[in-house]
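Have a look at the structure below before the remarks.
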Amino acid sequence: MNSHHPAKAGEFSVRLKLRSVVALGKYIAESPDILPEVAGAFSSHRRRTTLVVERSGKRKERPLYIADDTLGRIQKKIDKMILKKVPLPPCIHGYRQGHSPYTNAKAHAGHHMVGKHDLRNHYPNIHHASVYALYSRLGSSATVASILTRLTTDDAHIPQGFSTSPSLSNLITANLARRLEGMGASIQAVSTMY
């Protein structure tokens, strides 16, 4: 089961009509000149560092990407004005308003068994082609989808640290969440994703 294919176009109630860079610039209130400029000189607008995570006595290093002020501003607008406007299935609780670890856990209250699964190396496994497909399925032209993809991915995947990565992750794994929810319901189990 491949978890990294975005939902089909018919499953999105939001359809962008972003057919040009000028339309994208107007939609997110940015100069249409700066968008291809930042996308074209992307590496000068971010830095890469290492995040050290320690769990259960094990040390794990993860790359962390930090956008500069210009890229960060653009990404926040993409997240707020495009990605966060796309409805998600109610079973997804991570990184969305009105949901939390508490609402995720509450969905499982009263059940005798709880299973927990982790998608290993989740962000690095969401390839830029899946991000491009998502923007295309939302109604962006090929040019706009390409610029949006270049502004929200790095090293050919969605990176930890960009403000758009949690929303992209939720949208791209929405089909997986729906399928797991349906499978759970078939055996009277509750499935959520956080």
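Taking the stretch 49-84 as the range and being within 16 Å of residue 161 (Cα to Cα), outside any helix (DSSP H, G or I) and in contact (Cβ under 8 Å) with a residue 60 or more places away in the chain as the test, the residues that pass are 51, 62, 63, 64, 65, 66, 67. Among the residues of this structure, residue 144 does not count as one that is within 17 Å of residue 95 (Cβ to Cβ), open to solvent by less than 10 Å² (accessible area, probe 1.4 Å), assigned to a helix (DSSP H, G or I) and not charged (D, E, K, R).
Every residue, every condition in (1) open to solvent by 30 Å² or more (accessible area, probe 1.4 Å); (2) more than 21 Å from the chain's Cα centre (by Cα); (3) modelled with pLDDT of 95 or more, yes or no:
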{"site": "20", "(1), (2), (3)": "yes, yes, yes"}
{"site": "33", "(1), (2), (3)": "yes, yes, yes"}
{"site": "43", "(1), (2), (3)": "yes, no, no"}
{"site": "50", "(1), (2), (3)": "yes, no, no"}
{"site": "56", "(1), (2), (3)": "yes, yes, no"}
{"site": "69", "(1), (2), (3)": "yes, no, yes"}
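Restricting attention to the stretch 152-169, the residues that are touching a Phe, Trp or Tyr at 6+ places or on another chain (Cβ under 8 Å), part of a helix (DSSP H, G or I), surrounded by 23 or more Cβ atoms within 10 Å (Cβ to Cβ) and of a type outside the set (Gly, Ala, Ser) total 1. Here residue 102 fulfils each of the conditions (1) assigned to a helix (DSSP H, G or I); (2) open to solvent by less than 80 Å² (accessible area, probe 1.4 Å); (3) over 20 Å from residue 164 (Cα atoms) apart from (2).
With respect to being modelled with pLDDT of 95 or more, among the charged types (D, E, K, R), under 14 Å from residue 151 (Cα atoms) and surrounded by 18 or more Cβ atoms within 10 Å (Cβ to Cβ), residue 79 fits the description.
Go through 62, 96, 120 for me and flag whichever is touching a strand residue (DSSP E or B) at 6+ places or on another chain (Cβ under 7 Å) and modelled with pLDDT under 95.
Of 62, 96, 120, the one residue that is touching a strand residue (DSSP E or B) at 6+ places or on another chain (Cβ under 7 Å) and modelled with pLDDT under 95 is 62.
Evaluating residue 96 against the criteria (1) basic (Lys, Arg); (2) in contact (Cβ under 8 Å) with a residue 24 or more places away in the chain; (3) not in a loop (DSSP other than H, G, I, E, B) leaves one unmet condition, (3).
A single entry from 129, 109 fulfils the requirement of being of a type in the set (A, V, I, L, M), surrounded by fewer than 16 Cβ atoms within 10 Å (Cβ to Cβ) and part of a loop (DSSP other than H, G, I, E, B): 109.
Against the list (1) within 26 Å of residue 125 (Cβ to Cβ); (2) open to solvent by 90 Å² or more (accessible area, probe 1.4 Å); (3) within 21 Å of the chain's Cα centre (by Cα), the condition residue 15 fails is (1).
Residues that are of a type outside the set (Ser, Thr, Tyr) and touching a strand residue (DSSP E or B) at 6+ places or on another chain (Cβ under 6 Å) do occur in the stretch 165-188, at least one of them. Residue 36 meets each of the listed conditions (1) in contact (Cβ under 8 Å) with a residue 60 or more places away in the chain; (2) under 28 Å from residue 191 (Cα atoms); (3) out of contact with any Leu (no Cβ under 9 Å at 6 or more places or on another chain) apart from (2).
The values are calculated or read from the model by the stated rules, or taken from the named source; none is laboratory data. Only a predicted model underlies this, so the values are computations on that prediction, with no experimental measurement involved. All Cβ positions, glycine included, derive from the backbone under ideal geometry; neighbour counts span all protein chains shown. The accessibility values were calculated without ligands, DNA or RNA, using every heavy atom of the protein model including side chains. Shrake-Rupley method; radii C 1.70, N 1.55, O 1.52, S 1.80 Å.
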